[in-house]
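I have placed the structure first, in the form of structure tokens, so that the comments after it can refer back to it.
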Amino acid sequence: QVQLVESGGGLVQPGGSLRLSCAASGISFSFYAMGWYRQAPGKQRELVARIAADGNTNYADSVKGRFTISRDNAKKMVVLQMNSLKPDNTAVYYCNAKLMSNNYWGQGTHVTVSS
């Protein structure tokens, strides 16, 4: 059974930082591209950051220079470090694992950026 379990969300003030973690099980983690997506109220889900199996990364333009994605294949974890957070970063953040036709999602973790 595939599980992606996110943690680390919460309430943070503008300019603050959060570290989101996703623990994976039930997949051959090192072969998967891992990503973080977010969905704000009333908006579509969008890509935030992705890290390929070979370690290559790509980011949404809006988060470049502020967010960093990394992976630990031994621990089967992917981490999103979010710095200089803004109110419009408020959303539910989802972990994603993708390999060819296999596409899995976590349940999401809420991030609220507000003073």
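Values for this structure:
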| quantity | calculated |
| --- | --- |
| In the stretch 14-45, the residues that are over 23 Å from V2 (Cβ atoms) and aliphatic (A, V, I, L, M) | L18, A40 |
| Filter result (over 22 Å from K98 (Cα atoms) and either open to solvent by less than 50 Å² (accessible area, probe 1.4 Å) or outside any loop (DSSP other than H, G, I, E, B) (or both)) within the stretch 17-30 | L18 |
| Which numbered condition Q1 fails, given (1) modelled with pLDDT of 95 or more; (2) under 15 Å from W105 (Cβ atoms); (3) open to solvent by 40 Å² or more (accessible area, probe 1.4 Å) | (1) |
| All positions within the stretch 61-115 that are loosely packed, with under 14 Cβ neighbours inside 10 Å and among the hydrophobic types (A, V, I, L, M, F, W, C) | A74, M100 |
| V48 vs. criteria among the β-branched types (V, I, T), touching a Leu at 6+ places or on another chain (Cβ under 6 Å) and open to solvent by less than 30 Å² (accessible area, probe 1.4 Å) | no |
| Residue within the stretch 9-16 that is touching a residue at least 60 places away in the same chain (Cβ under 8 Å), open to solvent by 30 Å² or more (accessible area, probe 1.4 Å) and within 14 Å of the chain's Cα centre (by Cα) present | yes |
| Hey, A60 within 27 Å of Q1 (Cα to Cα) and touching a strand residue (DSSP E or B) at 6+ places or on another chain (Cβ under 9 Å) or not | no |
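The values are calculated or read from the model by the stated rules, or taken from the named source; none is laboratory data. All values reported here derive from a predicted model rather than from experimental measurement. We place every Cβ from the backbone using ideal geometry, glycine too, and count neighbours over all the protein chains shown. In case anyone asks, the SASA skips ligands and DNA or RNA and just uses the protein heavy atoms, side chains included. Shrake-Rupley method; radii C 1.70, N 1.55, O 1.52, S 1.80 Å.
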